[in-house]
Amino acid sequence: MRKIKVLVVEDSAVFREMLVKGLEEEPGIEVVAEAENPFEARDAIEKYQPDVMTLDIELPKMSGIDFLKRLMPQYPMPVIMLSGLNGKVFDAMAAGAVDFVHKPTNLSSVSVKEFIRQELIVKVKVAATVDVGKLMRRDRVHPVREVRLTPQNCVIAIGASTGGPEAIKEVLSGFGTDIPGVVIVQHMPPGFTHSYAERLNRLCEIEVKEAEDGDEVKQGRALLAPGARQMRLVKKDLRYFVSVKEEEKVSGHCPSVDVLFASVAKEAGAASIGVILTGMGGDGSKGMKDMRNCGAVTIGQNEETCVVYGMPKVAYDIGAVAHQLPLGDISDKVYDILT
């Protein structure tokens, strides 16, 4: 099989060398070029036509985000952002980046090798399968809909991974303050979920916050599971809350979509709607099957609009998905179910 051609864009010469060396140790990857700034990267793209680019956010002469905004309309390609604990990474996702990784704070050779092997290589391989041009789409305007089902008696649960930050934003952007309470798991490292929730809160009509243990799930509010915490739905006195605890990984993840969905099946049953969006792997499929078995309505994002058709596919294949839809139709479908 042909190797994945990678362009590494990083202003630190030391870290750039470590990235190049680590990526080239993977048999299926070839680093065809490296660049210190966006102008060098532009020339390298034209010359080498890489399959994937890794791009630092903070770069000399032009930020990685500004470069991405200029690049994607003319040359859509899979891009993995490298970021510190910085909310700007979500601007990069909005500009078309496929995914991001948290740059290691410890630049020892051992730490960087582990980061490259366990995180970066995996995401580069996934990104190489993404048809970015297919995913470039215009924003939709969602009609205003009225919820007639009692919001206090219904819960909407959403799970996503690779490509999820923008997919979740599109779904939540279609919700008004009349929507029942929403609980969300997005695979994301600790530290990023807080800034992501704040970003969604600014962009969406509903309230969005990073969940804290004991937060109430209520009409017009979405709670996002914090990184490295498992979140579950709990019911007390006919009201819904979330439990947020430090626990082991489930289905390879913490937070886990399976954990959230299974708790929604147990506590809310038929008074719930499950939505599984773009992502690699199979997290969420078992929990969604539990939800459907309990009478919940379940929705999966279709292949054509997924960045990675992994999680929705596994859920669909085991019969957990009742409705498979394009991303832009999901919020409208939720309203159709509720009215």
Hey, can you tell me all the residues within the range 200-224 that are touching an Asp or Glu at 6+ places or on another chain (Cβ under 8 Å) and in contact (Cβ under 8 Å) with a residue 40 or more places away in the chain?
219, 220, 221, 222, 223, 224
Residues to consider are 81, 62, 93; find the one that is surrounded by fewer than 20 Cβ atoms within 10 Å (Cβ to Cβ) and at negative phi.
62
Pair list, Cβ < 6 Å and 6+ apart or interchain, from the range 123-143 residues that are assigned to a loop (DSSP other than H, G, I, E, B) and surrounded by fewer than 19 Cβ atoms within 10 Å (Cβ to Cβ) to residues that are hydroxyl-bearing (Ser, Thr, Tyr) and at pLDDT 95 or above
142/331
Yes or no: the range 42-52 includes at least one residue that is assigned to a strand (DSSP E or B) and closer than 14 Å to residue 128 by Cα.
yes
Go through (1) of a type in the set (Gly, Ala, Ser); (2) modelled with pLDDT of 95 or more; (3) surrounded by fewer than 21 Cβ atoms within 10 Å (Cβ to Cβ) and name the single condition residue 274 misses.
(3)
Pick out the one residue from 302, 293 that is within 26 Å of residue 332 (Cβ to Cβ) and either touching a strand residue (DSSP E or B) at 6+ places or on another chain (Cβ under 6 Å) or basic (Lys, Arg) (or both).
302
Being of a type in the set (Asp, Glu) and either in contact with a Phe, Trp or Tyr (Cβ under 8 Å, 6 or more places away or on another chain) or not assigned by TED's automatic domain parsing to the domain that holds residue 184 (or both) narrows it down to one of 248, 303, so name that one.
303
For the range 11-34, check the following and say yes or no: at least one residue is assigned by TED's automatic domain parsing to the domain that holds residue 113, of a type in the set (Val, Ile, Thr), more than 30 Å from residue 199 (Cα to Cα) and surrounded by fewer than 14 Cβ atoms within 10 Å (Cβ to Cβ).
yes
From the list 58, 114, which one is more than 17 Å from the chain's Cα centre (by Cα), in a loop (DSSP other than H, G, I, E, B) and acidic (Asp, Glu)?
58
Could you list, in sequence order, the residues of the range 181-216 that are part of a loop (DSSP other than H, G, I, E, B) and modelled with pLDDT of 95 or more?
187, 204, 205, 206, 211, 212, 213, 214, 215
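The values are calculated or read from the model by the stated rules, or taken from the named source; none is laboratory data. Predicted, not measured: the structure shown is a model, and the values here were computed from it. Here the Cβ is made from the backbone with ideal geometry for all residues, glycine too, and neighbour counts use every protein chain on show.
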